[in-house]
Amino acid sequence: MFNLPIEGEELFALEFGDIVNYFSLYTTTLFLFATAFIIIAIIARPERQTDIVFGTDAVYTKEINQDNLRFQRFMAIACGLATLGAVCSGDLFNFSLFTALIGITNIGIVAGVNNRYVLNAAYNYGIVAMVATTFLFGGASMALGTCGTLSIWELAGKGLVPLAAKMFLVLGVMGEGMAPFYIAKAEITRAPGAPYVLMIHVSSLLIFLRVIEIILTV
Amino acid sequence: MITLIIPAVFIGLLFHGIHRKVIARIQERPGPPIWQEILHTLKFSFKQTWIPKTASMPMYVFIVAVSIAIWTGAFYIVFSGGSLLLLFAVFMLHKITEHGLGLSSGSPYGKFGAIRSVMSAASEIPLFATIAGIYVVTGSLMISDITRYQEIHGPLLTGAFPIAIAMYIVILSKMHYGPFSIIEAKEIVSGNRTEHFGVWRAGLEVAYALKTFVLLAAFVLLFIGALPWYLMLIAMLIVLISLSFICAFTPMLSPFDAVAMQTVITGVLAVYIIILGVIG
C-alpha cells in the first residue's frame with residue numbers, strides 16, 4: 001500500500017493474517033505526538049485556575065479536589081492509550097473500536113469535575129458519542145459488506161469502499177472526538193486539569209487526522 | 001537541512017517585521033523598524049524568565065518545545081518534498097499547542113485564548129479542501145510530485161485558482177493582526193500567550209517565525225512551483241505583503257463571524273472540488 005503517494009514511506013508493519021498494523025511516517029508522527037501527551041498527563045501537575053471575583057478587581061485561585069483529578073488523570077491516560085491504538089491500527093473495525101473508546105474516556109475526563117453544570121455537559125456529550133458510535137460501526141460494517149474485508153492494507157488504493165461508508169466513518173469520528181462540542185460550551189471554563197482537558201483535544205484531532213488518511217487510502 | 005533552520009527563523013522574524021511595517025504605513029503610522037521582531041526575540045531570550053505559581057508544570061514549558069519541534073518538522077517536510085497530509089497534520093497539531101499554551105498557565109485570559117484557538121480550528125477546514133483539491137488535480141499528496149506536476153502543466157495558481165484561495169485564507173488566518181486573529185484579541189490581553197514571558201516567549205517567537213516561513217514557502221511551492229532561492233524569497237515576500245494589505249484594511253472579526261466565514265468558504269470549496277472530481 002505504500003506505493004500510494006499519500007502518507008510517505010513505510011517504517012514498520014506487523015501482520016496478523018490479512019490484518020496488518022503499520023507505521024508510516026504519517027502515523028508514526030501521530031503516534032509520537034500522542035505518546036508525548038500521555039507522558040505529560042502522567043507527570044504534569046494540574047494548573048491552579050485563577051478567576052476574577054465578580055464585580056471587583058480581585059483575583060482568587062480555585063481549590064481543586066485531588067480525588068477528582070486522580071480520576072481525570074486515569075481517564076486521560078486511558079484516552080491516550082486508545083488514541084495510540086486508533087492511530088496505528090490497520091483494520092477498520094479496530095479503528096472504530098479504539099475511536100469509540102476515545103469517546104467514552106473523553107466523557108470520563110469531563111465527568112471527573114465535581115460541578116453539576118460540567119456533569120450535565122458530560123451527559124450531553126455521552127448522548128452525542130453514543131449516536132456517533134452507530135455511524136462509526138455502520139461505516140465499518142458497510143465496508144465489510146461491500147469489500148469482504150476490513151483490512152486497510154488490503155483495501156488500499158482499490159477504491160472499493162463506498163463513499164457513504166467513508167462519510168459514516170468521518171461522521172462517527174466527529175461525534176466521538178468531542179473537542180468541538182466541548183469548546184463551544186461554557187463548561188470548559190469551569191473545568192480544571194489542563195493536561196487532562198488537553199488530552200480531549202489531542203485525541204479528537206489525532207483521530208480526525210487518522211480518519212482523513214484512511215478515507216484517502218481506501 | 002538543519003543549517004537552513006536558523007536563516008529561516010531570521011527571515012521569518014524579518015517577515016513579521018515587514019508585516020507590521022506595511023500595516024503601519026497603510027494606516028499612516030511610522031511603524032517599528034522591520035528588524036524589530038528580531039530584536040524582540042533577542043531581548044526576550046535574555047530577560048528574566050519566570051513560571052507562574054498557578055502553572056501546570058512541566059506542561060507550561062513542554063508546550064513551547066513542542067511548538068518549535070512541530071514547525072521544525074514542517075520545515076523539513078516542505079523542503080524535502082514530503083507528504084502534504086503530514087503538513088496538514090502539523091497545522092492541526094499547532095492548534096493543540098496553542099490550546100495547551102493557554103490552558104497551562106491557569107490565567108483566565110490564557111484560557112479564553114485557548115478556547116478561541118480551538119474554535120478557530122475551523123480555519124483548518126479550508127486547508128483540508130486545499131489538500132483534497134490538489135489530490136484531485138495532481139493525483140498525489142507528495143510535495144515533490146506536485147512541484148513536478150507544475151513543471152509539466154504550469155502553476156496550480158492559474159490551473160486551480162479556488163484551491164489557491166483556500167490555502168491563502170489558511171495563511172491569512174494564521175497571520176498576526178489579521179481578521180481571524182481572534183486568539184490574540186486585545187480584550188483577552190495577549191490571549192493564550194499572556195503568561196509566557198522571557199525565554200518562553202522567545203521560544204514561541206522562534207516557532208511562529210518558522211511557521212510564517214513554512215506557510216509562505218508551502219504556498220509558493222504548491223501553487224507556483226519550485227524556484228531558485230532568491231526568486232522563492234521574492235515570491236514569499238509578495239504573498240506576505242498582499243496579506244499585510246488585507247490585515248491592514250479589515251477589522252478583527254468576532255469569534256462567531258470568523259468561524260462562520262471560514263465554514264462558508266469551505267462549503268463553497270467543497271462544491272468546487274465535487275464538481276472538479278465529477279467533471280475531471
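Among the residues of the stretch B:73-129, those identified as more than 10 Å from chain A (Cβ to nearest Cβ), under 15 Å from the mean Cα position of the chain (by Cα) and farther than 28 Å from B:Glu195 by Cα are B:Val78, B:Leu87, B:Ile125, B:Pro126, B:Leu127. Going through the stretch A:194-211 one residue at a time, which ones are more than 7 Å from chain B (Cβ to nearest Cβ) and among the small types (Gly, Ala, Ser)? Residues satisfying the conditions are A:Ser203, A:Ser204.
Would you mind stating whether A:Glu9 is of a type outside the set (A, V, I, L, M, F, W, C) and either more than 14 Å from chain B (Cβ to nearest Cβ) or surrounded by 18 or more Cβ atoms within 10 Å (Cβ to Cβ) (or both)? In short, no. Annotation: A:Leu171 fulfils all but one of (1) crowded, with 19+ Cβ neighbours inside 10 Å; (2) over 30 Å from A:Leu69 (Cβ atoms); the unmet one is (1). With respect to A:Cys88, determine if the residue is of a type outside the set (Ser, Thr, Tyr), farther than 21 Å from B:Ala55 by Cα and away from chain B (no Cβ under 14 Å). So A:Cys88 fits the description; yes.
Looking only at residues in the stretch B:151-163 that are within 13 Å of B:Ala226 (Cβ to Cβ) and in contact (Cβ under 8 Å) with a residue 24 or more places away in the chain, which one is surrounded by the most Cβ atoms within 10 Å (Cβ to Cβ)? In this case the residue turns out to be B:Leu156. Candidates are the residues of the stretch B:28-50 that are touching a residue at least 40 places away in the same chain (Cβ under 8 Å) and in contact with a helix residue (DSSP H, G or I) (Cβ under 6 Å, 6 or more places away or on another chain); the one that is surrounded by the most Cβ atoms within 10 Å (Cβ to Cβ) is B:Glu37.
Every condition in (1) within 14 Å of another protein chain (Cβ to nearest Cβ); (2) of a type outside the set (A, V, I, L, M); (3) at negative phi is met by B:Lys47 except one, and the failing one is (1). The single condition from (1) buried (at least 16 other Cβ atoms within 10 Å of the Cβ); (2) over 30 Å from B:Met232 (Cβ atoms) that B:Met92 fails is (2).
For every residue, the table says whether it meets (1) in a loop (DSSP other than H, G, I, E, B); (2) surrounded by fewer than 23 Cβ atoms within 10 Å (Cβ to Cβ); (3) in contact with a His (Cβ under 9 Å, 6 or more places away or on another chain).
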position	(1), (2), (3)
B:Gly110	no, no, yes
B:Ala114	no, no, yes
B:Ser140	yes, yes, no
B:Ser144	no, yes, no
B:Tyr149	no, yes, no
B:Ile165	no, yes, no
B:His196	yes, no, no
B:Val206	no, no, no
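Taking the stretch A:18-121 and the strands (runs of 3 or more DSSP E) fully enclosed by it, the elements with 1 or more residues that are closer than 18 Å to A:Ala194 by Cβ and touching a strand residue (DSSP E or B) at 6+ places or on another chain (Cβ under 6 Å) are at A:50-52, A:59-61. When B:Ile70 is tested against (1) within 23 Å of B:Ile2 (Cα to Cα); (2) in contact with a Ser or Thr (Cβ under 8 Å, 6 or more places away or on another chain); (3) modelled with pLDDT under 85, just one condition goes unmet, and that condition is (3). The conditions of being over 30 Å from A:Phe31 (Cα atoms), away from chain A (no Cβ under 14 Å), among the aromatic types (Phe, Trp, Tyr) and under 16 Å from the mean Cα position of the chain (by Cα) are met by B:Phe15. If you go through the stretch A:43-68 and keep only what is away from chain B (no Cβ under 11 Å) and of a type in the set (A, V, I, L, M, F, W, C), you end up with A:Val53, A:Phe54, A:Ala58. For A:Ala76, the conditions (1) touching a Gly at 6+ places or on another chain (Cβ under 9 Å); (2) away from chain B (no Cβ under 14 Å); (3) at pLDDT 80 or above are fulfilled apart from (2). Return the residues of the stretch A:119-164 that are of a type in the set (Gly, Ala, Ser) and surrounded by 16 or more Cβ atoms within 10 Å (Cβ to Cβ); say none if nothing qualifies. Those that are of a type in the set (Gly, Ala, Ser) and surrounded by 16 or more Cβ atoms within 10 Å (Cβ to Cβ): A:Ala121, A:Ala122, A:Gly126, A:Ala129, A:Ala132, A:Gly138, A:Gly139, A:Ala140, A:Ser141, A:Ala143, A:Ser151, A:Ala156.
For (1) of a type in the set (D, E, K, R); (2) under 17 Å from A:Ser204 (Cβ atoms); (3) at pLDDT below 85, each residue gets a yes or a no:
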{"residue": "A:Asn106", "(1), (2), (3)": "no, yes, no"}
{"residue": "A:Asn114", "(1), (2), (3)": "no, no, yes"}
{"residue": "A:Val118", "(1), (2), (3)": "no, no, yes"}
{"residue": "A:Met130", "(1), (2), (3)": "no, yes, no"}
{"residue": "A:Thr133", "(1), (2), (3)": "no, yes, no"}
{"residue": "A:Leu136", "(1), (2), (3)": "no, yes, no"}
{"residue": "A:Ala140", "(1), (2), (3)": "no, no, no"}
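Regarding B:Lys186, is this residue modelled with pLDDT under 85, farther than 23 Å from B:Val61 by Cα and either facing chain A (nearest Cβ under 8 Å) or more than 15 Å from the chain's Cα centre (by Cα) (or both)?
Numbers: modelled with pLDDT under 85: yes; farther than 23 Å from B:Val61 by Cα: yes; either facing chain A (nearest Cβ under 8 Å) or more than 15 Å from the chain's Cα centre (by Cα) (or both): yes.
Yes: the conditions hold for B:Lys186.
The sole residue among A:Ala58, A:Ala44 that is surrounded by fewer than 16 Cβ atoms within 10 Å (Cβ to Cβ) and among the small types (Gly, Ala, Ser) is A:Ala58. Among the residues of the stretch B:229-254 satisfying the criterion of being of a type in the set (Phe, Trp, Tyr) and touching a residue at least 24 places away in the same chain (Cβ under 8 Å), which is surrounded by the fewest Cβ atoms within 10 Å (Cβ to Cβ)? Ranking the qualifying residues of the stretch B:229-254, first place goes to B:Phe249.
The values are calculated or read from the model by the stated rules, or taken from the named source; none is laboratory data. In this text the structure is predicted, and so the values were computed from the model without any measurement. Note that each Cβ is placed from the backbone with ideal geometry, even for glycine, and that neighbours are counted across all protein chains shown.
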